[in-house]
Structures are given as structure tokens and as C-alpha cells.
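Undergrad: Next up is a structure, given as C-alpha cells.
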Amino acid sequence: MPQKLSAMRYIKNNIRRVSVLIVSLGLCFVLVYLTQFMLSSTEESIGCIALKNPQKMQVLSLAGKTTLGIDTDGMSDAELTRVYAEKNQGLAEQLKHTEGVKNAWFGEVVYCVIAAAVGQMTYEMPLVAAEEIPEIMQHFGATLVEGRLAQNPGEIVLDSLSMKNNNFVLNGYFNEKNYAQHYKIVGVVDCDTYFGCGIPADGWSSRTAIVVLSDGIDDMSAVLHTIGIDVRENYDSVIDAAWGKKFLQEEVIDVIGNSTSIIYVGIVILLLISLTVVYTTYLRDRHNEWCLYASIGYSRKTIYGAVMRELLFTFGAAFLFGAMISLLLALVLNGVMMVPQGLKCRIFHPKTIAEILCTYAFLLGILQIPVRHALARIRTVDAMEDDLY
């Protein structure tokens, strides 16, 4: 009775051939994983701005005529500006007495740009009096790590990630492209999100808005509705958690997801074609070996079992090889590329690993076709002799 065929014996005697398959499958793992890693840094960085910041601070820009009910007929620009400010200040006072609101005011805001791996995003930085800056920093959990707090007009403090992303330097000017040399960075803070604040500059007016510091308010439009203000789309701007979730899903996750899917399908198709061609060639080279096994008493089922164990070892080794190389490269890329650019990212992506595992299972299933075909062509020595006579 023939003994069980050893898959490891074939692997040990054909290390070079098996290694080619392991490395090829492993590198495809690396390619898919690193593609997801690079693209997901955009989701992580922009998601920080779209989700974390609006949970702490909401910024409201409301239309004067359609939303605040200001009758602009016959008003001069100066008078309109004054009335608009009074309306917003009154609304801010109302919001101060709303549950969940810690503070609210009408004032100037500036914007800081964060350039991600794909695309960019801006976040709002409130400009307030010097004595109000510690309150804002405490609300965001920001701590000063370098320089000093803003004390004079036109001075701001900025988090370290924003500094790196924009190549800003301490005591340098902030966003000269948009604000010329009106704002100077005097302090660097440590914060778990992108953050900045400062004091309005003399002789320079930035955009004005209602700024609300709160905890637990996701939908500011609903809060405004309770005090008689109905937010109108395309007229008003309300930056809150509800807006952030919608923006992140529609403008970032869905877009990146579509791009990732196209790249992923392309990689799988190329891998499937190349793997099938290469493995079919390997099977042809082993035809005589399998015929010999059949001639000395091994059944097709036994031969098939040995082949499957070889494939399982190959795919398993490729999975481990690809996972280790991918995680190592992700750590290296994070250290030399993401951190120096002030970008946030996740090293471990279990969903991507699960998708790759499913892809390996799919490829293993497809390879059953050439394996079954090769097994069907096995002929024993007796059968070949019968054909000769």
C-alpha cells in the first residue's frame, strides 16, 4: 500500500520554483496593502478635520437677508455690516444659554490648509482676545510645547502637525499666500487634532462667523431651529459634526473607495492571468511525475491531496511574507513620509487584510481548474502500453 505523498518533500526539492510563487503572491499583497495605506492617510487626515474639530467647535455663517431676516433695502454697506454684526452677536448670546454650549461669539476666523496625500482640506481658526485663548486651548486639549501664547494683534498659535504640513516655522508668518504678513506664529501646541487660534490683526479684516464651543452637539442646524433660525442649504454654512460626517463619506471615503476598487480589481486580474499561466506551466512539467505516482498505486485523490497541501503552504507562506513586509514598509513610510508631512494614518488595516485573504481564497479556487484538468490527463504505464499494441 503506497504511503501518503509528502507535499513538503516536493517543496524542499523545488525551493526555487515554489519561492517564485510565494514572492509573487506576497508582493501583490504588499502592493494592495500599501496602496490602501497611502490612500487611507487622506481619509485619516481629512477625517480628523471633518469629525474631531466640529465635535469641539462649530462655525456658523448665516445669510443676512434670507436667514437672519435683515431688510437690506436702502441700507449702505457700512450700515448693513453693522446690522449684520448685531444680529449675529444677538444670536451668539442666545446660543450661550443653550444646553451643551460652553461659549459662543461672533468674530473673525482664518483658515489653515492641510495637504493630504490626495487632495487638501482647510479648518477654521478663531481669532479672539488674548485672555480667551487659554479657554479655547483647554477646550481642545491643546498644550503649549514651544514659544508662547498669542498676546498681541496678529499673533497666533498652531499645532505641530499643521506646522509640519505647511512648512511653517516658529516666529514665521502664517499663510502668507492668503494673509500676506498680517499673522505671525508665536507658539506651537500639541493637540490630538489640527488646531490653531490667535488674535485679530490690526488693519486687516478676515472672514466673520459665529463660533461655538460645545461638547456633544452634532447637529447645530437642529439647535438653531429651536431658537427660530432655519438653516437653508446653498445660503448658509454650518460646520458641525453632521456636516463633517456627510462630507467625509461623500467627498473622501466614497471617492477613495472607488479609486481603490479600480486599482484592486486591476491587480487581481493581472495576478490571476499571470498566476494561471505560470502554474499551468508548472503542472505540465509535473505530468510524468504524476503518471509515475499513478503507476505505482497512488490514486488521483491522493495526488490531488498532495497538490492542495503544496498550494496551501505556498499561499500561507505568501500571506505571512506579504503581511510582514507590508507592515514593515507601512511603519517605514509613516516615519519617513507621513509624520514629517504632518499627516495622520493607520498602520493596521484589518479590512484590507481580510480582503486580500478572500482574494487568495478566490485564486486558490481558480487554480482548481488547471489542477483538475492535469489530474484528468494522468495515465498509468499499463494504459500507455495498451496504446502501443
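Undergrad: Is it the case that THR208 is open to solvent by less than 80 Å² (accessible area, probe 1.4 Å) and outside any strand (DSSP E or B)?
TA: Considered against the rule, which asks whether it is open to solvent by less than 80 Å² (accessible area, probe 1.4 Å) and outside any strand (DSSP E or B), THR208 comes out as no.
Undergrad: If you don't mind, there's one more thing I want to ask. Might you check whether a residue that is open to solvent by 50 Å² or more (accessible area, probe 1.4 Å), over 15 Å from LEU213 (Cβ atoms), hydrophobic (A, V, I, L, M, F, W, C) and not in a loop (DSSP other than H, G, I, E, B) occurs anywhere in the stretch 120-127?
TA: Looking for residues that are open to solvent by 50 Å² or more (accessible area, probe 1.4 Å), over 15 Å from LEU213 (Cβ atoms), hydrophobic (A, V, I, L, M, F, W, C) and not in a loop (DSSP other than H, G, I, E, B), one finds none in the stretch 120-127, hence no.
Undergrad: Another one. Can you pull out the residues in the stretch 128-142 that are part of a loop (DSSP other than H, G, I, E, B) and surrounded by 14 or more Cβ atoms within 10 Å (Cβ to Cβ)?
TA: VAL128, ALA142
Undergrad: Applying the selection to the stretch 175-187, what residues are open to solvent by 10 Å² or more (accessible area, probe 1.4 Å) and either closer than 21 Å to SER41 by Cβ or free of Cβ contacts under 8 Å to residues at least 60 places away in the same chain (or both)?
TA: If we filter the stretch 175-187 for residues that are open to solvent by 10 Å² or more (accessible area, probe 1.4 Å), which is where we start, we get 175-182, 184.
Listed by number, the residues that qualify are GLU176, LYS177, ALA180, GLN181, HIS182, LYS184.
Undergrad: Anything in the stretch 242-258 that is open to solvent by less than 50 Å² (accessible area, probe 1.4 Å), under 13 Å from the mean Cα position of the chain (by Cα) and of a type outside the set (A, V, I, L, M, F, W, C)? List them, or say none.
TA: Of everything in the stretch 242-258, just one residue is open to solvent by less than 50 Å² (accessible area, probe 1.4 Å), under 13 Å from the mean Cα position of the chain (by Cα) and of a type outside the set (A, V, I, L, M, F, W, C), namely GLY257.
Yes/no matrix, rows are residues, columns are (1) over 41 Å from the mean Cα position of the chain (by Cα); (2) closer than 30 Å to TRP105 by Cα:
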position: VAL20; (1), (2): no, no
position: VAL30; (1), (2): no, no
position: ILE46; (1), (2): no, yes
position: THR72; (1), (2): yes, yes
position: ASP77; (1), (2): yes, yes
position: TYR84; (1), (2): no, yes
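Undergrad: Next question, about the same structure. Listed residues GLY69, GLY64, GLY74; which is of a type outside the set (Lys, Arg) and buried (at least 16 other Cβ atoms within 10 Å of the Cβ)?
TA: Going through GLY69, GLY64, GLY74 in turn, the sole match is GLY64.
Undergrad: Those residues that are open to solvent by 20 Å² or more (accessible area, probe 1.4 Å) and not in a helix (DSSP H, G or I), I need them from the stretch 156-174; list them, please.
TA: ASN167, PHE168, VAL169, LEU170, ASN171, TYR173
Yes/no per residue for (1) at pLDDT below 90; (2) closer than 16 Å to CYS28 by Cβ; (3) open to solvent by 30 Å² or more (accessible area, probe 1.4 Å); (4) assigned to a helix (DSSP H, G or I):
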| site | (1), (2), (3), (4) |
| --- | --- |
| VAL307 | yes, no, no, yes |
| LEU312 | no, no, yes, yes |
| PHE319 | no, yes, yes, yes |
| SER326 | no, yes, no, yes |
| LEU329 | no, yes, yes, yes |
| MET337 | yes, no, yes, yes |
| CYS345 | yes, no, yes, no |
| PHE348 | yes, no, yes, no |
| ALA361 | no, yes, yes, yes |
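Undergrad: Any idea which of (1) part of a helix (DSSP H, G or I); (2) over 30 Å from TYR111 (Cβ atoms) is the one TRP243 doesn't satisfy?
TA: Condition not satisfied by TRP243: (2).
Undergrad: Give me a count of the residues in the stretch 263-278 that are of a type outside the set (A, V, I, L, M, F, W, C) and either buried (at least 16 other Cβ atoms within 10 Å of the Cβ) or within 21 Å of the chain's Cα centre (by Cα) (or both).
TA: 2
Undergrad: I'm trying to understand the selection: among the residues of the stretch 89-119, which are touching a residue at least 60 places away in the same chain (Cβ under 8 Å), in a helix (DSSP H, G or I) and not polar (S, T, N, Q)?
TA: Residues satisfying the conditions are LEU91, ALA92, LEU95.
The values are calculated or read from the model by the stated rules, or taken from the named source; none is laboratory data. Since the structure is predicted, the reported quantities are computational estimates derived from the model, not experimental observations. Methodologically, a virtual Cβ is constructed for each residue, glycine included, from the backbone with ideal geometry; neighbour enumeration extends over all protein chains shown. Please note that ligands, DNA and RNA were not included when accessible areas were found on the heavy atoms of the full protein model with its side chains. Shrake-Rupley method; radii C 1.70, N 1.55, O 1.52, S 1.80 Å.
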